[in-house]
Amino acid sequence: MKRCLACEYYFESAEWDCPRCRHRPTLRDRVLCFAQDPLVAGGGFKREYFAQLARFEEGNFWFRARNRLIQWALRKYFPDARTLFEVGCGTGFVLQGVGEALPRMRLAGSEIFRDGLVFARARLPGVDLYQMDARQIPFEREFDVTGAFDVLEHIVEDDAVLTQMFRATRPEGGILVTVPQHRFLWSASDEHAMHQRRYSRAELRRKVARAGFQIQRMTSFISLLLPFMICSRMKRTTSCDFRLWREFEISRPLNALLGRILAAERLMIEKGISFSAGGSLLLIAKKPATSQ
């Protein structure tokens, strides 16, 4: 079901013209626009970062490992899902991976920055993409699964985003969320990435439950690499002479080794092991069948 953000009217239609107020979002470069680029500098992210992300994602062990974990979670916890909506899809790397792994799933994605959507459109020619504020999602009970992958930590009002994700998800559907974990890992990397927070398990659990979801599973990941991550972050506690992308500029042999370690970690998670500590958290939750 569609939701008109101009008058809060809900309607079923193949088109976006609101039957009540006749408002229609603008279409630019094959992207429906429900919001403009943030006027405040940064807006939770820096638009110039998207080009760097697009350059590193496909080959970097961290992005590849997270993609495979997300794809496994979709198969395991939402085997009958036919639709996935990603909030804050960035350059489209996650959706591209899901589309290749689960070709029958209908995909959609949103991003507040047009700079990210340029890359996402090139990667995802057949996917519905929206320029959208995650705090104002124009859908109601529309998607089987709604995902936000390393997005919530960028937004001050993360509670509002989770509430909107709840509304956009169909009853008996659910959400997949990944976020950075542990405040003690806070460093210049977080500051330059424009994070508002790193989550504890209790904080993420509380906020997701408060939005109305029932939590199915929560586990840390990047757990086997946590000691190395701690050492790395201890060297980056200040912003002086800091380069955000340095941690991605590693040799091919090291990148391959780290990828193998995280592949072993994923197999452990698939076998039912839930880690309590790690660089990131994965949460899977479902929307009750009786929810509106």
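Being open to solvent by less than 40 Å² (accessible area, probe 1.4 Å) and in contact (Cβ under 8 Å) with a residue 40 or more places away in the chain is the requirement here; does S232 meet it? When the stated conditions are applied, S232 does not pass them. The strands (runs of 3 or more DSSP E) found entirely in the stretch 1-115 that carry 2 or more residues being open to solvent by less than 80 Å² (accessible area, probe 1.4 Å) are 31-33, 83-87, 106-111. Could you please let me know if E265 is over 11 Å from A188 (Cβ atoms) and modelled with pLDDT under 95? Against the criterion (over 11 Å from A188 (Cβ atoms) and modelled with pLDDT under 95), E265 does not qualify.
Condition check ((1) more than 16 Å from L5 (Cβ to Cβ); (2) open to solvent by 40 Å² or more (accessible area, probe 1.4 Å); (3) at pLDDT below 95; (4) assigned to a strand (DSSP E or B)) across all residues:
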{"position": "L129", "(1), (2), (3), (4)": "yes, no, no, yes"}
{"position": "D144", "(1), (2), (3), (4)": "yes, no, no, yes"}
{"position": "G147", "(1), (2), (3), (4)": "yes, no, no, yes"}
{"position": "V156", "(1), (2), (3), (4)": "yes, yes, no, no"}
{"position": "T163", "(1), (2), (3), (4)": "no, yes, no, no"}
{"position": "R167", "(1), (2), (3), (4)": "no, yes, no, no"}
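State whether the residues of the stretch 249-256 include one that is in contact with a His (Cβ under 9 Å, 6 or more places away or on another chain) and either among the aromatic types (F, W, Y) or open to solvent by less than 70 Å² (accessible area, probe 1.4 Å) (or both). For the stretch 249-256, residues in contact with a His (Cβ under 9 Å, 6 or more places away or on another chain) and either among the aromatic types (F, W, Y) or open to solvent by less than 70 Å² (accessible area, probe 1.4 Å) (or both): absent. Under the condition of being part of a loop (DSSP other than H, G, I, E, B), open to solvent by 40 Å² or more (accessible area, probe 1.4 Å) and farther than 25 Å from R198 by Cβ, the residues counted in the stretch 257-292 number 5.
Residue count for the stretch 198-229 satisfying the condition of being farther than 12 Å from A285 by Cα, open to solvent by less than 30 Å² (accessible area, probe 1.4 Å) and assigned to a loop (DSSP other than H, G, I, E, B): 4.
The values are calculated or read from the model by the stated rules, or taken from the named source; none is laboratory data. The model shown is predicted, which means the values in this text are computed figures rather than measured ones. As a convention, Cβ positions derive from the backbone with ideal geometry for all residues, glycine included, and neighbour counts pool all protein chains shown. Surface areas here come from the heavy atoms of the whole protein model, side chains and all, with no ligands, DNA or RNA. Shrake-Rupley method; radii C 1.70, N 1.55, O 1.52, S 1.80 Å.
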